[in-house]
Amino acid sequence: MQYFEKTLKTAYSDTAKLYGYVLDNSKEMEINRRRKTIVLCPGGGYVMTSDREAEPIAMRFLAMECNVFILRYSVAPARYPVALVELATTMKLVRENAEAWHVDPDRIIVAGFSAGGHLAAELATQWDRDLAIDFGFRPQDIQPNGLFLGYAVITSGKFAHQGSIEALLGDDYGKPAMMAKVSLEKQVTASVPKSFIWCTATDDTVPMENSMLFASALHAAGVSVELHVFPQGGHGLSLAIKETAIPEGYGVQPQVDAWPDLFKAWLANNF
């Protein structure tokens, strides 16, 4: 396996870090294999990026025979669109290096948890719109072929995680046009890729309505979506097992730990 770290430089920032986990090919097997690839955005309320939603998740995705790239995007005091441009730049970089990194350019999934899910869903809704029009990307370079969301921040409305939205927008928080722009259930079009979404019904930080609103908008737009709402569990569960629990013990939630197997099946059925 190839492992590397890169500082990601854009017109807006030079603080993001990209960590690549690339599965090697072998002449003993399929030497020219191109793999499914996941670009992963950890959560953290747009004020940090969580270790619990980074490497442990990447290891599970690697076990699904995927390459994984973890983006430690810029957070507050960086504001919109800094992180979004960093994610688009990452997608472009992965496609440009598809041959060297054994990437299938038609099977790249963008994934995110919590506020990282908001970032992933922003790319999924804007890859052929604002990112192309306002920031000069070619849509075909940054297009995600799939979307994974874990207890994602979606809306700036009634069910918002206000801390994430405020950290993202800064002085623009509360301005109607910007609040609408980052309320992603309002940004869905038919060009959003097929999506896998999970959350818990008892999440009191990012209410399940975030996922429900986005899934409903996808369905209305004719986008294939698989949604799992687990009956119990708080926010930030990661793998929902002891491995990713915090030192005080929070984060173990039976039944929720089934999501990697559900996602693996979704990958097999769709890619």
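The values are calculated or read from the model by the stated rules, or taken from the named source; none is laboratory data. Keep in mind that this is a model prediction, so the values were computed, not measured. Glycine also receives a Cβ, built like all others from the backbone with ideal geometry; neighbour counts cover every protein chain displayed.
Could you tell me whether PRO139 is at pLDDT 95 or above and touching an Asp or Glu at 6+ places or on another chain (Cβ under 6 Å)? Yes: the conditions hold for PRO139. Considering PRO193, PRO260, the condition of being surrounded by fewer than 22 Cβ atoms within 10 Å (Cβ to Cβ) and assigned to a loop (DSSP other than H, G, I, E, B) is satisfied by PRO193 alone. Within region 239-263, the set of residues being aliphatic (A, V, I, L, M) and on the phi > 0 side of the Ramachandran plot comprises ALA240 only. Condition first: part of a helix (DSSP H, G or I) and within 19 Å of the chain's Cα centre (by Cα). Now tell me which residues in region 177-189 satisfy that. LYS181, LEU184, GLU185, LYS186, listed by residue number. For region 196-224, the candidate set comprises residues that are under 15 Å from the mean Cα position of the chain (by Cα) and outside any helix (DSSP H, G or I); within that set, the residue that is nearest to ILE109 (Cα to Cα) is PHE196. Restricting region 213-271 to residues that are out of contact with any Phe, Trp or Tyr (no Cβ under 9 Å at 6 or more places or on another chain) and of a type in the set (Val, Ile, Thr), the residue that is farthest from THR200 (Cα to Cα) is VAL223. Within the option set GLY234, GLY174, GLY157, being part of a loop (DSSP other than H, G, I, E, B), more than 17 Å from ALA111 (Cα to Cα) and within 20 Å of the chain's Cα centre (by Cα) holds for one residue only, GLY234. Which members of region 124-154 meet the condition of being in a loop (DSSP other than H, G, I, E, B), under 18 Å from the mean Cα position of the chain (by Cα) and among the small types (Gly, Ala, Ser)? Answer for region 124-154, where residues must be in a loop (DSSP other than H, G, I, E, B), under 18 Å from the mean Cα position of the chain (by Cα) and among the small types (Gly, Ala, Ser): just ALA152.
When ALA121 is tested against (1) among the hydrophobic types (A, V, I, L, M, F, W, C); (2) under 10 Å from the mean Cα position of the chain (by Cα); (3) assigned to a loop (DSSP other than H, G, I, E, B), just one condition goes unmet, and that condition is (3).
Remark: GLN162 matches the filter, which requires a residue to be farther than 23 Å from GLY20 by Cα, of a type in the set (S, T, N, Q) and either surrounded by fewer than 18 Cβ atoms within 10 Å (Cβ to Cβ) or in contact with a helix residue (DSSP H, G or I) (Cβ under 6 Å, 6 or more places away or on another chain) (or both).
Within region 92-118, the set of residues being closer than 17 Å to PRO81 by Cβ, surrounded by 24 or more Cβ atoms within 10 Å (Cβ to Cβ) and in contact with a helix residue (DSSP H, G or I) (Cβ under 6 Å, 6 or more places away or on another chain) comprises VAL110, GLY112, ALA115.
Examine region 12-20 for a residue that is more than 21 Å from PHE135 (Cα to Cα), buried (at least 16 other Cβ atoms within 10 Å of the Cβ) and modelled with pLDDT of 95 or more, and state whether such a residue exists. Looking for residues that are more than 21 Å from PHE135 (Cα to Cα), buried (at least 16 other Cβ atoms within 10 Å of the Cβ) and modelled with pLDDT of 95 or more, one finds at least one in region 12-20, hence yes. Quick check, is ALA54 at pLDDT 95 or above, surrounded by 15 or more Cβ atoms within 10 Å (Cβ to Cβ) and touching a strand residue (DSSP E or B) at 6+ places or on another chain (Cβ under 9 Å)? Yes. The set of residues in region 182-197 being more than 14 Å from GLY116 (Cα to Cα) and touching a residue at least 40 places away in the same chain (Cβ under 8 Å) consists of GLN187, VAL188, THR189, SER191, VAL192, PRO193, LYS194, SER195, PHE196.
For region 21-47, filtered to residues that are charged (D, E, K, R) and under 20 Å from the mean Cα position of the chain (by Cα), the residue that is surrounded by the fewest Cβ atoms within 10 Å (Cβ to Cβ) is ARG35. Just so you know, in region 237-257 the residues that are outside any loop (DSSP other than H, G, I, E, B) and touching a Pro at 6+ places or on another chain (Cβ under 7 Å) include one that is nearest to PRO144 (Cα to Cα), and it is THR244. Of the residues ALA121, ALA167, ALA88, ALA177, which single one is modelled with pLDDT of 95 or more, closer than 14 Å to GLN187 by Cβ and buried (at least 17 other Cβ atoms within 10 Å of the Cβ)? Checking each option against the conditions leaves just ALA121.
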